[in-house]
Amino acid sequence: MLAPRTEAGRAGLAALRADPSRALVAVDYDGTLAPIVDDPAEAVPAPGAAAALRSLGCRVAVVTGRPALVAVELGGLADVPGLVVMGQYGVERWSGGSLTAAEPAPGLAQARDELPAMVRRVGAVLEDKGHSLVVHTRSAPSGALSRLAGPVIELGARLGLEVHPGRMVLELRPPGFDKRGALLALAEPLPSAVLFAGDDVGDGAAFDAVDELRARGVPGLTVFSDSAEGPDELRERADLVVDGPPGVVALLTELL
């Protein structure tokens, strides 16, 4: 399995193997550790995922759009040694049972008042994460996502919120938070090598962070958790493509 298709990826893998104790392994949650499901509350990690993270023996992190505590509890990750969870794209940081978070964006309160009616009209579902609002259209009638995109983008612009698309979702969240910033924060002090695995458009920002770390002399490996819904641009960009969450677990296990 471990056959990166790029020279930079092969160098990243070699560095991970040469000095694993000082390396950083960071992964997305939904679609990477856990399969995508209709009900986000049922998205548990693929078999063996938590055990692999517990056994890696390096700096381990989860970088997710979920609230950090939700990822920890749903994933059964509280006992992963040294784990850091960057929740809601870095708005929250969980480590050792302690959670810190930025102040909620002012526009979120108004968005909570206006968004539910828009979502109900097209049969979608609204998830309130506290620091962001997510519109899920996976179980909605066909065309719901395209019908909502324009109004949600207009709402976000008016209220000072960013709108980020994902796999059948639209997320309104505070400006200035993405997986690039979250991964760069995790990479201080600089690790001996870095691996990031993700599956969706938002994970491209973490791939950007890997490129920046490479420019600073840190070998890196980007991994794409593949699926039929996965974005082509991320699939083509990744150093290594694996078959969904089971493939990510197999990769982590082989790294052991």
Tell me yes or no: at least one residue of the stretch 138-149 is in contact with a helix residue (DSSP H, G or I) (Cβ under 7 Å, 6 or more places away or on another chain), surrounded by 17 or more Cβ atoms within 10 Å (Cβ to Cβ) and among the hydrophobic types (A, V, I, L, M, F, W, C).
yes
For the subset of the stretch 6-52 comprising residues that are part of a loop (DSSP other than H, G, I, E, B) and either among the polar types (S, T, N, Q) or outside the structural domain of LEU240 (by TED's automatic domain parsing) (or both), which member is surrounded by the fewest Cβ atoms within 10 Å (Cβ to Cβ)?
THR6
ARG59 being charged (D, E, K, R) and surrounded by fewer than 17 Cβ atoms within 10 Å (Cβ to Cβ):
no
Subset of the stretch 150-198 [within 30 Å of GLU254 (Cβ to Cβ), surrounded by 17 or more Cβ atoms within 10 Å (Cβ to Cβ) and free of Cβ contacts under 8 Å to residues at least 60 places away in the same chain]:
ARG180, LEU184
With the condition kept exactly as written, say whether any residue in the stretch 142-158 is outside any strand (DSSP E or B) and either in the same structural domain as LEU56 (by TED's automatic domain parsing) or of a type in the set (S, T, N, Q) (or both).
yes
Go through the residues of the stretch 103-112 one by one and say whether even a single one is among the charged types (D, E, K, R) and touching a residue at least 24 places away in the same chain (Cβ under 8 Å).
no
Strands (runs of 3 or more DSSP E) wholly in the stretch 63-127 with at least 1 residues that are in contact with a helix residue (DSSP H, G or I) (Cβ under 8 Å, 6 or more places away or on another chain) and surrounded by 21 or more Cβ atoms within 10 Å (Cβ to Cβ) - which ones?
84-87, 92-95
For the stretch 204-256, the count of residues that are touching a residue at least 60 places away in the same chain (Cβ under 8 Å), touching a Gly at 6+ places or on another chain (Cβ under 9 Å) and loosely packed, with under 15 Cβ neighbours inside 10 Å equals 2
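The values are calculated or read from the model by the stated rules, or taken from the named source; none is laboratory data. Everything numeric here is computed off the predicted structure, so don't read it as measured data. Please note: Cβ atoms are built from the backbone with ideal geometry, for glycine as well, and neighbour counts cover all protein chains shown.
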